[in-house]
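None of the figures in this text is laboratory data; all of them are computed from the coordinates on show. Being a predicted model, the structure only gives us computed values, none of them experimental. As a convention, Cβ positions derive from the backbone with ideal geometry for all residues, glycine included, and neighbour counts pool all protein chains shown.
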Amino acid sequence: MANKLSAPIETSTSTDSDELDQRPTVVDKNNSVYPEQDDDNDNDGAPLVDVPMERPVSWKTLWIDWPLLAKYMGPGWLMSLAYLDPGNLESDLQNGALAEYTLLWVLLWATIAGLVLQSLSAKLGVVTGQSLAQVCRSEYKPAVRYILWVMTEIAIIGSDIQEVLGSAIAWKILLGIPIWAGVLITGLDTFVFLGLHHFGVRLLETFIFVLVLTMMICFWVNMIDMKPSAEGIIVGTLNFTSLPPYAVSLAVGTLGCVIMPHNLYLHSALVRSRKIDRKNLDQVAQANKYNKIESTISLFFSFLINLSVVSTFAAAYFDVFCSTQETQEARLPLDMCSAQDILDGPNGPTCCGDIGLSVAGSALENSLGKAGLYIWAVGLLAAGQASTLTGTLAGQYVMEGFLNIHMPVWKRLVLTRSIALVPAIAVGIMASTNAHLTDQVNQWLNVLQSIQLPFALLPVLHFTSDRRLMQSFTNGLITQSICWLLAFVLLAVNFLAIFQQFLQDGEASWVLPVFIVA
């Protein structure tokens with residue numbers, strides 16, 4: 001007989017006339033009442049994916065039931081998109097152009113740290129049957145959970161601005177339209193893509209996988225055309241003792257922007273799309289196993305995509321002379337600099353300048369021609385659109401979990417996008433006279449994510465270490481020690497990144513953040 005896991009929540013059949021549905025309700029320890037997830041449908045009415053028990057496996061199949069793994073595929077791919085959003089792509093290209101291959105090991109370990117935390121988030125969702133936001137609502141006092149909700153919403157809106165701007169830059173390259181017009185297009189086309197969710201979660205997951213595959217093809221094609229050093233890539237990925245002085249601040253920034261706070265809330269909700277008997281210990285353990293495998297595969301692909309962007313820009317635009325300048329710049333094609341800005345470098349005339357999403361396309365066009373430019377734009381557009389979709393879903397789950405407001409996804413998109421469009425359009429208009437403004441805003445939005453990380457990281461570590469909630473799936477002593485040490489390192493690095501950004505930008509360090517928040 002299968003082991004049984006007692007339910008950690010109390011279920012009631014009472015309803016409230018103010019509720020948007022008539023599902024059975026869950027009463028938490030704070031006497032808050034909210035609808036329980038349907039046994040056959042998710043919170044938007046989409047049918048759950050039925051998963052059978054694992055068949056006998058052995059070393060011949062790597063102890064994996066591959067058809068069963070295919071059933072679990074989906075949530076991890078949606079989660080992995082936060083590691084591929086325009087903010088991360090900008091960090092990648094700057095790492096390559098300013099530090100060559102020396103920060104690939106930082107990217108690798110940041111991704112591994114993300115995998116550990118995402119696995120904990122998924123485990124919380126599987127074991128409790130609730131998202132991280134719902135558990136926060138049931139376990140924390142109102143003052144605490146409202147603070148967590150506000151901070152998470154700020155992180156989501158900040159991420160949405162980044163994603164909209166990234167897509168707008170791609171539209172500008174592809175169609176030649178102003179950034180503000182690209183912002184409007186992005187604000188509208190996301191509604192079409194989110195409509196896929198109403199036809200079933202598997203269709204949305206398949207669409208996301210296609211977008212990830214598009215990014216993989218585009219960025220790897222450009223990398224292969226650029227012919228980076230294979231030895232440099234291998235050494236940069238494995239030699240974690242290599243960190244030149246000019247790359248220290250970039251390493252701190254990389255660790256600070258890879259793990260997105262709202263992604264922990266999202267993953268804990270997405271794993272509930274699989275139909276699992278949570279009173280059956282064997283099936284819960286099976287779900288945890290296959291969610292970890294899927295997360296590992298999806299984040300491995302995200303690492304390969306990030307690696308390709310770093311390597312492309314390392315091969316084309318890194319120069320020690322430019323990188324060791326006081327302003328730390330990349331080596332750009334000579335025709336991108338005015339005559340007075342060209343320096344006498346060790347290898348002759350050298351154009352040193354800032355590089356970010358706003359000028360990356362022009363730089364690639366000089367190096368790879370029109371084909372490289374358009375391939376980059378398609379990959380960037382896929383990244384922006386995909387991460388926008390998952391950001392909207394994260395916002396929906398966060399609002400439902402913290403506030404018990406069950407808003408249709410399209411209404412949630414209107415709300416979030418309306419807030420994000422105003423600063424994004426303003427930046428787009430101002431970018432017509434200052435091409436680097438979008439890059440500055442992206443850097444500060446990465447700092448914003450760093451500030452918000454503790455408000456997701458600490459709750460997920462707290463809850464997965466709580467035996468009352470997790471029972472036999474509670475984090476062990478070794479796991480707890482590793483995770484809390486990891487949390488301490490990440491938080492310390494994040495605050496260091498924030499401090500460095502304020503020092504680097506001087507007076508502008510106060511103007512841009514206030515503008516973004518306003």
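Observations on the model:
- Remark: the range 270-284, residue by residue, has Karplus-estimated 3J(HN,Hα) of 5, 5, 6, 6, 9, 7, 10, 7, 6, 8, 9, 4, 5, 6, 5 Hz, where x stands for each Gly or Pro and the curve is 6.51 cos²θ - 1.76 cosθ + 1.60 at θ = phi - 60°.
- Per-pair calculated FRET efficiency, R0 = 25 Å: Met407 and Lys141 via Cβ, rounded to 0.05: 0.55
- Taking amide H positions as modeled 1.01 Å from N, with prolines and chain starts lacking one, the residues under 5 Å from Lys275 and 5 or more places away or on another chain are Val49, Asp50, Val51.
- Distance (nanometres) between label positions extended 7 Å along Cα→Cβ at Thr241 and Asp50: 5.7 nm
- Taken over the range 440-497, the convex hull of the Cα atoms encloses 68 Å³ per residue.
- Listed peptides 285-296, 267-278 appear in the order 267-278, 285-296 once ranked by packing, highest mean of other Cβ atoms within 10 Å at the front.
- Separation of the Leu304 and Thr479 label points, Cα + 7 Å toward Cβ, nm: 2.8 nm
- Mean Cα-pair separation over length for the range 283-357, i.e. relative contact order, pairs under 8 Å, 6 or more apart, %: 21 percent
- Around the amide H of Leu332, modelled in the peptide plane, lie the amide H atoms of Cys351, Cys352, Gly353, all under 5 Å away and 5 or more residues distant in sequence or on another chain.
- Packing around the peptides 153-165, 391-403, taken as the average count of other Cβ atoms within 10 Å per residue, puts them in this order, highest first: 153-165, 391-403.
- Phi to ³J(HN,Hα) by Karplus 6.51 cos²θ - 1.76 cosθ + 1.60 over the range 472-485, Hz, x for Gly, Pro: 6, 9, 4, 4, x, 4, 5, 4, 4, 4, 5, 5, 5, 5
- Inter-label distance, nm, simple model (7 Å from Cα along the C-beta direction), Gln340/Asn280: 7.5 nm
- Principal axis dimensions, largest first and in whole angstrom, of the range 311-431 by Cα: 63, 31, 26
- Debye log10 I(q)/I(0) at q = 0.14, 0.21 Å⁻¹ for the range 140-269, Cα point scatterers: -1.06, -1.35
- Peptide packing: for 247-254, 445-452, 362-369, 467-474, the average count of neighbouring Cβ atoms within 10 Å per residue gives the ranking 445-452, 247-254, 362-369, 467-474, highest mean first.
- Converting phi to 3J(HN,Hα) with the Karplus coefficients 6.51, -1.76 and 1.60 and the offset θ = phi - 60°, the range 132-140 yields 4, 5, 5, 5, 4, 5, 7, 9, 9 Hz in sequence order, with x at every glycine or proline.
- Legend: distances between Cα atoms for Lys123/Lys279; Lys123/Lys292; Lys172/Lys227; Lys71/Lys275; Lys71/Lys292; pairs beyond 18 Å are Lys172/Lys227.
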